[in-house]
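Asks: First the structure, then my questions, so here it is.
The values are calculated or read from the model by the stated rules, or taken from the named source; none is laboratory data. In this text, all values refer to a predicted model and were calculated from it rather than measured experimentally. Cβ: placed from backbone, ideal geometry, glycine included. Neighbour counts: every protein chain shown.
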Amino acid sequence: MSSGPKWTYRAVVGSIGLLICDAFILNLSVFLALYIRFDWRFEAVLDLAARYRQVAVPYTLVGLLAFYLSGLYRNLWEYASVGELIIVMRSVLSATAVFAFFFYRFLWPGFPRSVMILSGLVLLLLLGAFRMRSRLMKHIRQSGAANGVYAYESRRHGKHGRGSEVGPKQPKRALLVGAGDAGEMVVKEMRNNPEIGYRPVGFIDDDPKKHGMRIHGVPVLGPMESIPGVVADRSVDEIIFAMPSAGRIALRRLMKVMEEGHVRIPVKTLPGIYELIEGRVSVNQIREVRIEDLLGREPVSLDLEEIADYLRGKRVLVTGAGGSIGSELCRQIARFDPELLVLLDHAENPIFELSQELSYRFPNLEFVQAIADIRDRARIAEIFSRFKPAVVFHAAAHKHVPLMEENPEEAVKTNVFGTRNVLQACSQFDVERFVLISTDKAVRPTSIMGATKRIAEILTLSMNGCAGEFAVGDLVSVNADDGSAQPRRQLPDKVGPDFRRTRYMAVRFGNVIGSRGSVVPLFKEQIARGGPVTVTHPDMRRYFMTISEASQLVIQAAAIGKGGELFVLDMGEPVRILDLARQMIELSGLEPEKDIAIEFIGPRPGEKLLEEIFTPAEDMIATRHSRIMMVRNPLPDRQKVTQGLAALEAAFSEAAASSVTELEPNVKRGNSRDNSVLIRSVLKEIVPDYQRPDY
């Protein structure tokens, strides 16, 4: 059965009627050109008109063919714009060329050559007007509908359409910030679709050349500083930020102007600049401003070719795939067409939800779900043996600082021994790249979580240059008889030419906005409950990144790395948590301290007032990516690390009780608090910078 277009009786009649009209216009343009040439003297053109009638039929047929070849019959003219006008001009030029042929072949000499040019101009005018009539009628109908809505609003609610009664047809009076391409697109759609429920009352733009001008009948009212007055004068219900190319700096400035002017109305924004470029912006996509819009940086620029080189067609494994960073890494990796994506996590529900999302968004993606705990060395080895990943992103970790202060054993088991198990598997099964997801809390740590992540960095970077059979997991063997720790193998001095060297690297960054258990979701929940919003300390500051920003830069850093690098992502300036709380309250349309109280509860165990991204002892080196830096610092003595790991293992082994007593004579067996003291002591030996916070 044919799948081509189905011609109805009405469509056929309409097409024939359009051809007849175009044929009439073609000939009318010639006759009008003659009359114009001879100053509208009828008797002067009679002979010339008679001569033209001899070529009128073939000229009309060939002219209509030229119209068809120029694409004149392939457009819906009720949606006409500049592109369609260009088609009209192209069609007129084609028809003029056809007329020139007939002119010189059959009419000249004796026929004024100026008629050729005049007929072309008249044809452009007539054909353009005829084609644009559909667009004009559509505009009149929409304007009438919109005016009906606005008149209905005015009758019910007064001059500006506001009142105590809110009817279903009352549109929101919208003020658009940005009189550029995005703003013009939004206003046009508001005008074309009044049922959406927006009425544009004005533009705000800092360009003084635009002030007093109009776009689709909507006035440009002034710069951003004039917003408080405009909102009051125009009874604005909502502000729409329509400057996606200006970025977050302009959005933060808008929020500051509103705060200083005590403007308490909702602010919404458009999708990102990429959606705008692709033409996918619509009024229905306008959304509320989120805190990520204010705290994040500009879109990340990725070297797609470089990334594709190491991900496309490769088997990629992500540990902690069900977490905030791990799941976003999986989404980003899926874009680069890996041969297989292994989703590894010990939590089944997040993995199930992620797999459902990936199946929908990337129907051609091959992936497997591996439920496993990285602390189970045998299970991890089994997964690596089965799926043989070429690239591993290690995002699995315990990350909650106060929780790990109460449960240091769990932090060590996962962040240290779990990382060691994954590193061992990478070495054993010839993984090409290993990327550790680290944290700024590993810099001069004041918490168990930070100290264990610093050890994970040390273990990762120490792996570079190790022989194929060597793995960190084999550094230490605890003797079951006397609990003594013995190193199994030594680091090789040289690597053979046939050795397939795994590239081990780590990437360090700060807090991720919106991740589970982070401050942003907590503040949202507290605001929704009506407060109070709890802040630990007035001077508490943190670095923030969006989840997508961090994940994309991690993937880019892995492309840059040659092995042995500790990368640090550009996180901008640290944000004061108190300011963050105030901004989130204001984004909710509320006033801090008046509508929502802010309460200081004091720093929690292990927290710093200000996180760092590197220490004075670390050298910062630029990379070829402006948002990625490399840290160079000396690693601790391997022997000290070996002994420290042995002591940590001893702390978890009943068979090593005598070793524990030798290390800490005052420690009593079976006491978890004493184990905690021991763990902190050993962590201090491995990470000398580890210290308790002082406020």
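Asks: Look at region 625-641 and say how many of its residues are over 20 Å from residue 689 (Cβ atoms) and surrounded by 13 or more Cβ atoms within 10 Å (Cβ to Cβ). Walk me through it before giving the result.
Replies: Taking region 625-641 first, the residues over 20 Å from residue 689 (Cβ atoms) are 625-628.
With surrounded by 13 or more Cβ atoms within 10 Å (Cβ to Cβ) added as a condition, the list becomes 625, 627-628.
Within region 625-641, residues that are over 20 Å from residue 689 (Cβ atoms) and surrounded by 13 or more Cβ atoms within 10 Å (Cβ to Cβ) number 3.
Asks: Taking residue 177 and the conditions (1) at pLDDT 85 or above; (2) surrounded by fewer than 22 Cβ atoms within 10 Å (Cβ to Cβ), which numbered condition does it fall short on, given that it satisfies the others?
Replies: Status for residue 177: all satisfied but (2).
Asks: Just for strands (runs of 3 or more DSSP E) wholly inside region 586-695: which have at least 2 residues that are in contact with a Pro (Cβ under 8 Å, 6 or more places away or on another chain) and modelled with pLDDT of 75 or more?
Replies: Numbers: elements: 598-600, 619-622, 628-632.
Those strands (runs of 3 or more DSSP E) span 598-600.
Asks: Suppose we keep only residues that are among the aliphatic types (A, V, I, L, M), within 51 Å of the chain's Cα centre (by Cα) and modelled with pLDDT of 65 or more within region 1-39. Which one would you say is surrounded by the fewest Cβ atoms within 10 Å (Cβ to Cβ)?
Replies: First pass over region 1-39, keeping only residues among the aliphatic types (A, V, I, L, M): 1, 11-13, 16, 18-20, 23, 25-26, 28, 30, 32-34, 36.
Applying the additional criterion that residues be within 51 Å of the chain's Cα centre (by Cα) yields 1, 11-13, 16, 18-19.
Still in the list and also modelled with pLDDT of 65 or more: 16, 18-19.
Numbers: 16: 10, 18: 16, 19: 15.
Going through the qualifying residues, I end up with 16.
Asks: Do any residues in region 251-264 that are farther than 16 Å from residue 175 by Cβ have Cβ atoms under 7 Å from those of residues that are surrounded by 15 or more Cβ atoms within 10 Å (Cβ to Cβ), where the two are at least six apart or on different chains, and which pairs are they?
Replies: So the pair list comes out as 252/294; 259/586.
Asks: Still on this structure: Considering only residues that are over 28 Å from the mean Cα position of the chain (by Cα), touching a residue at least 12 places away in the same chain (Cβ under 8 Å) and surrounded by fewer than 17 Cβ atoms within 10 Å (Cβ to Cβ), which ones fall in region 517-533?
Replies: 530, 532
Asks: A further question follows. For region 82-89, check the following and say yes or no: at least one residue is modelled with pLDDT of 75 or more and among the hydrophobic types (A, V, I, L, M, F, W, C). Break it down into steps so the answer makes sense when it comes.
Replies: In the first step, residues of region 82-89 are kept if they are modelled with pLDDT of 75 or more; the result is 89.
With the extra rule that they be among the hydrophobic types (A, V, I, L, M, F, W, C), the set shrinks to 89.
Scanning region 82-89, I find at least one residue that is modelled with pLDDT of 75 or more and among the hydrophobic types (A, V, I, L, M, F, W, C), so the answer is yes.
Asks: Considering only region 345-398, state which residues are part of a helix (DSSP H, G or I) and of a type in the set (Phe, Trp, Tyr).
Replies: Start the filter on region 345-398 by keeping residues that are part of a helix (DSSP H, G or I), which leaves 348-361, 377-387.
Within region 345-398, 352, 360, 384, 387 meet the criteria.
Here's the yes/no breakdown for (1) within 28 Å of residue 515 (Cα to Cα); (2) touching a Phe, Trp or Tyr at 6+ places or on another chain (Cβ under 8 Å); (3) modelled with pLDDT under 75; (4) crowded, with 20+ Cβ neighbours inside 10 Å:
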site: 200; (1), (2), (3), (4): no, no, no, yes
site: 203; (1), (2), (3), (4): no, no, no, yes
site: 206; (1), (2), (3), (4): no, no, no, no
site: 233; (1), (2), (3), (4): no, no, no, no
site: 248; (1), (2), (3), (4): yes, no, yes, no
site: 256; (1), (2), (3), (4): yes, no, no, no
site: 262; (1), (2), (3), (4): no, no, no, no
site: 268; (1), (2), (3), (4): yes, yes, no, no
site: 279; (1), (2), (3), (4): no, no, yes, no
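Asks: Of the residues 66, 97, 56, which is modelled with pLDDT of 70 or more and loosely packed, with under 15 Cβ neighbours inside 10 Å? Steps first, answer last, please.
Replies: On the way: 66 fails: loosely packed, with under 15 Cβ neighbours inside 10 Å; 56 fails: loosely packed, with under 15 Cβ neighbours inside 10 Å.
Of the residues listed, the single one that is modelled with pLDDT of 70 or more and loosely packed, with under 15 Cβ neighbours inside 10 Å is 97.
Asks: Let me ask another. Could you count how many residues in region 185-213 are more than 29 Å from the chain's Cα centre (by Cα) and part of a loop (DSSP other than H, G, I, E, B)?
Replies: 3
Asks: Considering only residues that are loosely packed, with under 12 Cβ neighbours inside 10 Å and touching a residue at least 60 places away in the same chain (Cβ under 8 Å), which ones fall in region 589-609?
Replies: Within region 589-609, 599, 601, 602 meet the criteria.
Asks: For region 318-340, which residues satisfy the criterion of being surrounded by fewer than 24 Cβ atoms within 10 Å (Cβ to Cβ) and either outside the structural domain of residue 365 (by TED's automatic domain parsing) or in a strand (DSSP E or B) (or both)?
Replies: Once the filter is applied, which keeps residues that are surrounded by fewer than 24 Cβ atoms within 10 Å (Cβ to Cβ) and either outside the structural domain of residue 365 (by TED's automatic domain parsing) or in a strand (DSSP E or B) (or both), region 318-340 yields only 340.
Asks: Continuing with the same structure: Between a first residue in region 375-393 that is over 23 Å from residue 412 (Cβ atoms) and a second residue that is of a type in the set (Asp, Glu) and modelled with pLDDT under 95, which pairs have beta carbons less than 7 Å apart while being 6 or more apart in sequence or on different chains?
Replies: So the pair list comes out as 390/432; 391/432.
Asks: Same structure, new question: Taking region 589-614 only, how many residues are acidic (Asp, Glu) and within 26 Å of residue 545 (Cβ to Cβ)? Quick ask: steps written out before the conclusion?
Replies: At the first step, the residues of region 589-614 found to be acidic (Asp, Glu) are 591, 593, 595, 599, 607, 611-612.
Okay, now just the ones that are also within 26 Å of residue 545 (Cβ to Cβ), so 607, 611-612.
So the answer is 3.
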